[in-house]
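The values are calculated or read from the model by the stated rules, or taken from the named source; none is laboratory data. None of the values given here were measured: they were computed from a predicted structure. Cβ sites come from the backbone with ideal geometry, for glycine too, and all protein chains shown count toward neighbours.
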Amino acid sequence: MIAESGHYALVLALALALIQSTVPVLGARLRDPALMSVARSSALGQLLFAAAAFAALVTLHVTSDFSVVNVFENSHSLKPLIYKITGVWGNHEGSMLLWVSILALFGGLVAIFGNNLPLSLRAHVLAVQAWIASAFYLFILMTSNPFLRIANPPLEGRDLNPILQDIGLAVHPPMLYLGYVGFSISFSFAIAALLEGRIDAAWARWVRPWTLVAWIFLTLGIAMGSYWAYYELGWGGWWFWDPVENASLMPWLAGTALLHSALVMEKRNALKVWTILLSILTFSLSLLGTFLVRSGVLTSVHAFATDPTRGVFILLILCLFIGGSLTLFAGRASTLKQGGLFAPISREGALVLNNLFLTTACATVFVGTLYPLALEVLTGAKISVGAPFFNLTFGPLFFPLLVAVPFGPMLAWKRGDLLGAAQRLLAAGVAALVVMALVWAWTRGGSALAPLAIGLAVFVVVGAISELVERTGLFRMPLATAMQRTRGLPRSVWGTAFAHAGLGVALIGIVCETTWNSEYIATMRPDDVARLAGYELKLDGLSSRQGPNFREMTAAFTVSRDGERLAAMTPSKRNFTTRAMSTTEAALLTRGFSQLYISLGDTTAEGAIAVRIYHKPLVLLIWLGPVLMAFGGLMSLSDRRLRVGAPKPAKALRGLQAAE
Amino acid sequence: MTRKQRKLTIIGGALAVLAVAVGLVLNALRDSIVFFSTPTMVAEKHVAPGTRFRLGGLVQPGSLVRGDNLAVTFEVADGGAKLPVAFTGILPDLFREGQGIVAEGALDASGTFKADTVLAKHDETYMPKDVADALKKQGYWKDNDGARPDAGAKPSAGSTETRGAVRAVQGASQ
């Protein structure tokens, strides 16, 4: 009954989405406010039914109703409750349902908070939103229905893939989808602007908070996924340049560029056409990511060819939306009016530079991700493009970008003073050089790249702080004045500083982890001692126990340093009987920002066990950086100018509203 | 500066960055991509020692020998040919005899494949993509490969999930 209700709710959501796709557009053509207002109510109704469908699937999973295929294939009655819930989106059908539910959520939010939008703009935005939603409801109902029943219900389910039975699954996919799907809003705004043929600074002011929300979630989602991979897979790696990861990195890079170009548009009314294009590209890359992950094309081009329904369906959606929006863009972009002028050396110029490097870096990731697929389809040759490719392309492009980051906020709008900015960044430059020299001396030669990169990171961090010092007048003015100015500083300035500093912090972590990571791999017997990076790790013994749906073998380690006992670490290996799979549960010991990491291998016949121990210096900074960035985004989001809302639209639109 | 000059400066800058990016990509594609081979392909093509490539196939049952200090040797077979592989380190959780694997490394002078990375499939329905394709081509491996109790449902769904949600389980060893 619940399954059928969920299915029915999904059909109703599709029906409402179809109404929302057409009626408001018609209303905008006829200038009929009643028809345009349909967008709001249908968006809210759609949210209601999508949420009902999602709640139905969650209920089915929680109650372990194995008469539903989706539950049978991905759940088990003994599975802990939290994983019964998260297992809902740990599979194809459920995760697509989460995708559309989040899309409906964003549509509903625009409907709720969009009261100050011009009526026709809101109608258009929600209609475009509904076009996307309709396509994906159809996709789910036709190829990936999560509510299908089995004729002869089995007694027990096949359990969720053990690697996914982790708290990471509870957080990572919803965060990532909030980011991916959140970019649909800026896409819809861009298409609506093209349809209406007008765009102004107020438009950018509406778009920016939505983009910022999506960007914050995507940043956290990527960081969370990276940390999850780091502790769950037992290899100690945190980024593998895997197509699945690249699929989330590309929208992030484009979205970051969009965030910056929307700023130029909001403040200076320039870069309009480019901002529109970026909005389209960012969401297109989100769709591409969905296609790559959901179509099965990554698992096997072959599998894609033998069971093409899903893949071809998403490919069609992809072509329809990307092709359609770019065609519309090509046709309408020239009608948008040119914006304000600016010199190449100016805040705008710096933001253009930022956009240039971000989009180019994004393009190299795009090539590296799709080239192997294209080559295989065209010639049949199989190649793998891995970390070396991205290190050689992405790295060199990010280097000049990072050098430019501290300069941006120091430059004035319209016409900047590069020399003056450089003078104000003197402290940051000196700090960077000192740190560079210290690191160089400390590592006694070695690779020149690591001290250089750390110097650059310090430059970015101190540069971000310098901006705050400059703005508040700290050290230049009496303390009281500085404090007063600190309080008066717009939150967006703090946001910029935090986000930019986060970039530098993450870079320090990345460089330290990759350069000075030390590892110890050996077979150990009880009472053996491993020595690594000044720590002594003694294997006390092995024990096994029975978990809810797995058997676990645990190794107990005592960690000490200079004879002083610090902590116990207990890495384990779990055997999941239902799927005949084992997973490695690494043990982590955090010391400052560094971590000790132990994961287990196989046991030998003589009772010894293969052990892999890593010391990862400053590794936590890799994820602290993105957290700082997201916090900066949050600060910026709470800025007064965005909180208070957009200014009233221009006269032309007021005329239209008056027609109500 | 006139409007035109400003525009030209920006376009010129954009083209310069793009040119650099294209150069970087072409350079990286020449140097850092790795081809995939099966033992049969290795035998046919006479791959030179020292050339890095990815070797895929099934671990020959009975060939796994564990030496001291985590050294292991085993043979990778694809029905047509076999190739001895040497590796030092911890094998992936799901490394088993008869299992599909992908190893990355190069041949040494004696014709042994020295692997520095071994990747195994990470759930019982998942065969590494390259291996599955290559073996299917040779008719050596079929979709319903014993391990699955009921392969009828949806052969590719489970594996896609693993890849999608856990990201790069397979690439994890790099």
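Residue under question is B:ALA71, and the condition is that it be free of Cβ contacts under 8 Å to residues at least 12 places away in the same chain and within 12 Å of chain A (Cβ to nearest Cβ); does it hold? In short, no. With respect to B:ALA48, is the statement that it is part of a helix (DSSP H, G or I) and either in contact with a helix residue (DSSP H, G or I) (Cβ under 8 Å, 6 or more places away or on another chain) or more than 9 Å from chain A (Cβ to nearest Cβ) (or both) true? Here the answer is no, as B:ALA48 does not meet what is asked. Suppose we filter segment A:396-405 for residues that are crowded, with 20+ Cβ neighbours inside 10 Å and either more than 13 Å from chain B (Cβ to nearest Cβ) or assigned to a loop (DSSP other than H, G, I, E, B) (or both); how many remain? Matching residues across segment A:396-405 total 1. Scan segment A:92-145 for residues that are more than 20 Å from A:LEU292 (Cα to Cα) and not in a helix (DSSP H, G or I) and the total you get is 2. When B:GLY23, B:GLY57, B:GLY13, B:GLY79 are checked against the criterion of being of a type in the set (Gly, Ala, Ser), more than 14 Å from chain A (Cβ to nearest Cβ) and either under 24 Å from the mean Cα position of the chain (by Cα) or surrounded by fewer than 18 Cβ atoms within 10 Å (Cβ to Cβ) (or both), a single residue qualifies: B:GLY79. Tell me which of these A:PHE72 doesn't satisfy, since it passes every other one: (1) over 19 Å from A:THR22 (Cα atoms); (2) modelled with pLDDT of 95 or more; (3) aromatic (Phe, Trp, Tyr). Only one criterion is unmet by A:PHE72, namely (2). Does segment B:21-34 contain any residue that is of a type in the set (Ser, Thr, Tyr) and not in a helix (DSSP H, G or I)? Yes: one or more hits. Of all the residues in segment A:94-115, those that are surrounded by fewer than 22 Cβ atoms within 10 Å (Cβ to Cβ) and touching an Asp or Glu at 6+ places or on another chain (Cβ under 9 Å) number 0. Whether any residue in segment A:308-330 is more than 25 Å from the chain's Cα centre (by Cα) and facing another protein chain (nearest Cβ under 8 Å) is what I want to check. Scanning segment A:308-330, I find no residue that is more than 25 Å from the chain's Cα centre (by Cα) and facing another protein chain (nearest Cβ under 8 Å), so the answer is no.
Scanning segment A:214-250 for residues that are of a type in the set (A, V, I, L, M) and at pLDDT 85 or above gives A:ALA214, A:ILE216, A:LEU218, A:LEU220, A:ILE222, A:ALA223, A:MET224, A:ALA229, A:VAL244, A:ALA247, A:LEU249, A:MET250. So which residues in segment A:382-395 are of a type outside the set (S, T, N, Q) and more than 7 Å from chain B (Cβ to nearest Cβ)? Passing the criteria: A:PHE390, A:PHE394, A:GLY395. Looking at A:GLY408, A:GLY429, A:GLY420, just one residue is more than 14 Å from chain B (Cβ to nearest Cβ) and closer than 23 Å to A:LEU259 by Cβ, and that residue is A:GLY408. Considered as a group, the residues in segment A:230-245 that are closer than 15 Å to A:LYS616 by Cα and outside any loop (DSSP other than H, G, I, E, B) include one that is farthest from the other protein chains (Cβ to nearest Cβ), and that residue is A:TYR231.
Here is the figure for segment A:596-607: residues that are more than 9 Å from chain B (Cβ to nearest Cβ) and surrounded by fewer than 22 Cβ atoms within 10 Å (Cβ to Cβ) total 4. Does segment A:36-51 contain any residue that is under 29 Å from A:GLN165 (Cα atoms), under 27 Å from the mean Cα position of the chain (by Cα) and not in a helix (DSSP H, G or I)? Among the residues of segment A:36-51, not one is under 29 Å from A:GLN165 (Cα atoms), under 27 Å from the mean Cα position of the chain (by Cα) and not in a helix (DSSP H, G or I), which makes the answer no. Taking residues in segment A:520-536 that are closer than 19 Å to A:GLY234 by Cβ and within 14 Å of another protein chain (Cβ to nearest Cβ), and partners anywhere that are surrounded by fewer than 14 Cβ atoms within 10 Å (Cβ to Cβ) and not aromatic (Phe, Trp, Tyr), the pairs with Cβ atoms closer than 8 Å and at least 6 places apart or on different chains are A:TYR520/A:ARG531; A:ALA522/B:ASN69; A:THR523/A:THR604; A:THR523/B:ASN69.
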